[in-house]
Amino acid sequence: MLNIPKVQVQVHRKLKLLVDEASEFPEISSPVIEASRKLRFIDLNSLLNERSRLIRMFREIALPLEFDFHPPLNFSPKSPLDESWADNALKNTLVIGVDTSEITPTPHVSPLFLLINIGYQAIFYGDKLTYLHGSTPYFYASKEIMTDIGVGRFKHVPSWLLEVKRLEDECKVVEELLKSFLKVDVSFVFFDESFSVNYLTARSREFRRRVVESLVTMHRKLRDLNAIPIGIFYTRSRAFTFMTIRSVLCASKNCSDCINQSANLRCRELSTIRDSILFDKVLNVGWRSPLFDVKNRVTEEFPDLKVLGFYVKIGSGNVLRVEFPDWCRDYVDDIHRVVFAQSIIGRGYPYILERAHEEAYISPRERAWVLSYIDKLLRASGNHGLTLSGKFRRKIRGVV
């Protein structure tokens, strides 16, 4: 039980810190904003020799591939979130969104199984809207998800399996959806995830390898189907801020000269500014940031994973990060147009992903039904039924 009075005391003590972030650090954001406007005058090539060091220091950096902010094509709205513009922007466009929910293997339930539910929404904005929506479940028994962990050792469920199966199953669903729209030249497929997978840094190399190989394979399959994969997410990344500071404010310095200094450095203070804060202040609604090349430990380790990205401002305090494979670079204006138009229709987030999430969601009642159904079938086959640990049974008391 939460001790409310003690929480109140601690929150009041640290209210100033909360206010600073809620107001987007007004005292220190101005220098970074001014520096971002000077990027076009800086030769970023001089930093390429430092790339490995910068990635070690910052975990992720964004190398700008252009230096201007961009409005959507033909953007002259009656209001910042003009639905009539969005409707026109999506005309004759196929947009697909996919999302997932899972019931994962757990030691509290025997026999082991994995259920991945892929939710999808596809809309073709022709003379009449064409909708396809629903969910496709993929069920895996224990023998399908357990692998050898070494010669003479026991099988287990590998840690990377869920990520790999999710990517494989999402690709299967998209491939099937595209068969229903054979006359469409190019489609846009939205994923609620990052393609630069910086979060894998803390995982084992085998985990990273398996996931990256599956991600690259999925992207290539979609490329062959003339489908543009787009990852959309919110992030606390400071990759662009780091490069702005290093390229402009610290242009005359070497990081090696400062790295061992114990004194408070200006760059450390300014790097508090997240990319989303920076672009919330410098972008107009609907505009996007400069295109950038995402560099982190994972993309450096696996050269086939080449990811570009930009930020787009949907509204005040609402900045999305958009990523896609580098072979989609020629479609950057189309990606910008479709993402912003979908976000207008979705009132702040791409409508297609909101609907896909609704389709993917597995409710507590549905989770309980899955357990009950498996238990029923096991008992009907002459077995003892599903075995649940005492702890797990207490959590779902009355379900099975």
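The values are calculated or read from the model by the stated rules, or taken from the named source; none is laboratory data. No experiment lies behind these values; they were computed from the predicted model shown. Here the Cβ positions follow ideal geometry from the backbone for every residue, glycine too, while neighbour counts run over all protein chains shown. Accessible surface areas use protein heavy atoms only, side chains included; no ligands, DNA or RNA. Shrake-Rupley method; radii C 1.70, N 1.55, O 1.52, S 1.80 Å.
List of remarks:
- Crossing angle, helix 205-224 versus the chain [Cα axis fit, 0-90 degrees, rounded to tens]: 80
- DSSP-loop chymotrypsin sites (Phe, Trp or Tyr not before Pro) across segment 133-215, with at most 12 other Cβ within 10 angstrom: 154
- Compactness of the chain was expressed as the Cα radius of gyration divided by 2.2 N^0.38 Å, which yields 1.12.
- Rounded to two decimals, the Cα-based Rg/Rh of segment 71-164, with Kirkwood Rh, is 1.26.
- In degrees, nearest ten, helix 161-178 long axis to first principal axis of the chain (Cα): 90
- Added length on full extension, which subtracts the Cα-Cα distance from 0.36 nm per residue, residue 172 to residue 3: 56.0 nm
- Against the chain, whose longest principal axis is taken from its Cα atoms, helix 351-360 shows a tilt of about 30°.
- Summing Cβ point charges (Lys, Arg +1; Asp, Glu -1) relative to the Cα centre of the chain gives a dipole of roughly 1620 debye.
- Spin-label model, residue 83/residue 23: points 7 Å from Cα along the beta carbon direction are separated by 3.7 nm.
- Contact order relative to length of the chain, as percent, for alpha carbon pairs under 8 angstrom and 6 or more apart: 24
- Residue 233 paired with residue 376, simple spin-label distance in nm, labels 7 Å along Cα-to-beta-carbon: 3.8
- Shape parameters for segment 1-123, alpha-carbon atoms, Rg then Dmax in Å: 24.2, 62
- 10 Å-binned pair-distance histogram of segment 250-335 (Cα, whole percent): 14, 32, 34, 18, 2
- Percent carbon-and-sulfur accessible area, the chain, ignoring ligands, DNA and RNA, probe 1.4 Å: 51
- Solvent-accessible surface of the chain, averaged per residue with a 1.4 angstrom probe and all protein chains in place: 53 square angstrom.
- As an equivalent ellipsoid, segment 49-95 spans semi-axes of 38, 13, 10 angstrom, where each value is the square root of five times an eigenvalue of the C-alpha gyration tensor, largest first.
- Distance between segment 1-42 and segment 195-270 - C-alpha centres, whole angstrom: 22
- Fully extended contour minus Cα-Cα distance, from residue 184 to residue 204, at 0.36 nm per residue: 3.1 nm
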